[in-house]
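Below you'll find the structure, written out as structure tokens, and then a few comments.
The values are calculated or read from the model by the stated rules, or taken from the named source; none is laboratory data. Every value quoted in this text rests on a predicted model; they were computed, and no experiment measured them. When we count neighbours, we look across all protein chains shown, and the Cβ atoms used for this are built from the backbone with ideal geometry, even at glycine.
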Amino acid sequence: MNFYSNTDMKKLYIFLAALAACFGSVAAWAQNQSASAPNPDDFQFTVVKENPITSVKNQNRSGTCWCFSSLSFLESEVIRVKGLKDPALYPDFSEMFIVRKSYYDRAIEYVRMDGHLNFAVGSDFGDAIETAKKYGLIDQKAYSGLQYGYDLPVQGELDAGLKGYVSAIVKNPNNKLTPVWPKGVDGILDAYMGEVPETFVVNGVTYTPESYRDAQGLNLDDYIGFTSYTHHPFYTQFAMEVCDNWRHSLSWNLPLDEFMSIMDYAVNNGYTVAWGGDVSETGFTRNGLAILIDTKASTSGSDQERWVGKADEKPADKPAVKEIEVTQELRQQYYDEKTSTDDHGMHLYGIAKDQNGKKYYMIKNSWGEAGVYKGLWYMSEEFAKGKTLNIVVHKNAVPKEILKKIGLK
């Protein structure tokens, strides 16, 4: 791409705007929730099991759901490990610190691969965890990563600028790369996100990013990815074949029933789950519901409409709606035909039932306090079966018989 071409720049912005549900004008989307809010009489959810989470955040106009969901998951892990009861003591990790470091690593890899690597806004849980392992964590108050005049992330210009720069470097106009081109990446990141502090203070204690990470009591090697597809053997690992998995993070492949059992076992035993999947179905509504109804997603009009339907659509706002019954074969079909892909990352933290006894997973999103449930979603079991691409959990959140089958117990 010619960085200085107006036509190509316009194409890039269109491409960015059409990416996963991670991206889009969430603020505008949230302001219009009342247009299709479900009737409280239609849905009466009762919590079966709920684990602690930190406050709902807003990724706004950035493709960083992968980071928001990952850090929300790790924050809940700190709460669990430390036994924190007072929300005032809950951690609040800086998403933009991880995003910044990931951008840098990806730029290096992109150039090494002569541009044959996805250099876009999305990523995955493995990236967030590997980045935290390598660079540490920072408290949100110590580093917001917003240096360009907005209170919430607005990253279209940053993303375009970085892509243009590394694309120009890949062309190697000197026929030999200089050792200083990575400083250009850092310069762009400094301009938009600010310099990373070498030390910072939390509750009167001075930390580096590495020491702050270590103080959380987590062993980041204890987190495992899982998925369920038939194009790889069960009980083996493979790297999910999606562009956002640029670090080639591995997931263990399980039969569908065992894959689903991990979500239940985790929640019921006090753990939460990093959830990645597809939210392009019409049944992923504006009102905090995710139901696998047999209706194709709308893909015309605005980005908002693409992912959550028109404001006057209410296809899944009644709990009696008939859902698709997901099988292993249908799940594979969704993946092969690309009607299930890596649209969005969220944080699964509980189980609830509606007034008819139907099971739902409780999900924390990163679109601010949008919808009737103020940033939380209720996802049906069938939706999770069909549209979850992969999950990450602590190894102790996995049933022992499954750990034994994959040789980890």
Exactly one of (1) aliphatic (A, V, I, L, M); (2) assigned to a strand (DSSP E or B); (3) out of contact with any helix residue (DSSP H, G or I) (no Cβ under 9 Å at 6 or more places or on another chain) is unmet by ILE224. Its number?
(3)
Checklist (1) out of contact with any Gly (no Cβ under 6 Å at 6 or more places or on another chain); (2) at pLDDT 95 or above; (3) assigned to a helix (DSSP H, G or I); (4) over 17 Å from GLN216 (Cβ atoms) applied to LEU71, failing item:
(4)
Quick one: count up the residues across the range 343-359 that are assigned to a loop (DSSP other than H, G, I, E, B) and farther than 22 Å from LYS57 by Cα.
5
When the residues of the range 194-215 are narrowed to those that are under 24 Å from the mean Cα position of the chain (by Cα), within 10 Å of GLY136 (Cα to Cα) and not acidic (Asp, Glu), which ends up surrounded by the most Cβ atoms within 10 Å (Cβ to Cβ)?
PRO209
Could you please tell me which pairs satisfy a Cβ distance under 6 Å, a separation of 6+ or placement on different chains, a first residue in the range 169-195 that is within 13 Å of ASP159 (Cα to Cα) and touching a residue at least 60 places away in the same chain (Cβ under 8 Å), and a second residue that is assigned to a loop (DSSP other than H, G, I, E, B) and among the small types (Gly, Ala, Ser)?
MET193/GLY145
Condition first: acidic (Asp, Glu) and within 23 Å of the chain's Cα centre (by Cα). Now tell me which residues in the range 108-122 satisfy that.
GLU109
Single condition SER280 does not satisfy, out of (1) closer than 26 Å to THR131 by Cα; (2) surrounded by 17 or more Cβ atoms within 10 Å (Cβ to Cβ); (3) touching a residue at least 40 places away in the same chain (Cβ under 8 Å)
(1)
One residue is enough: does the range 155-169 have a residue meeting the conditions in a helix (DSSP H, G or I) and either loosely packed, with under 14 Cβ neighbours inside 10 Å or in contact with an Asp or Glu (Cβ under 6 Å, 6 or more places away or on another chain) (or both)?
yes
Test: PRO179 is assigned to a loop (DSSP other than H, G, I, E, B), loosely packed, with under 14 Cβ neighbours inside 10 Å and not polar (S, T, N, Q)
yes
Contacts under 7 angstrom Cβ, first residue in the range 59-86 being over 13 Å from MET346 (Cβ atoms), partner part of a helix (DSSP H, G or I), 6 or more apart
ASN60/VAL26; ASN60/ALA27; ARG61/GLY156
Quick check on GLY184: is it modelled with pLDDT of 95 or more and on the phi > 0 side of the Ramachandran plot?
no
Tally of residues being touching a strand residue (DSSP E or B) at 6+ places or on another chain (Cβ under 6 Å), of a type in the set (Lys, Arg) and not in a helix (DSSP H, G or I) across the range 360-402
1
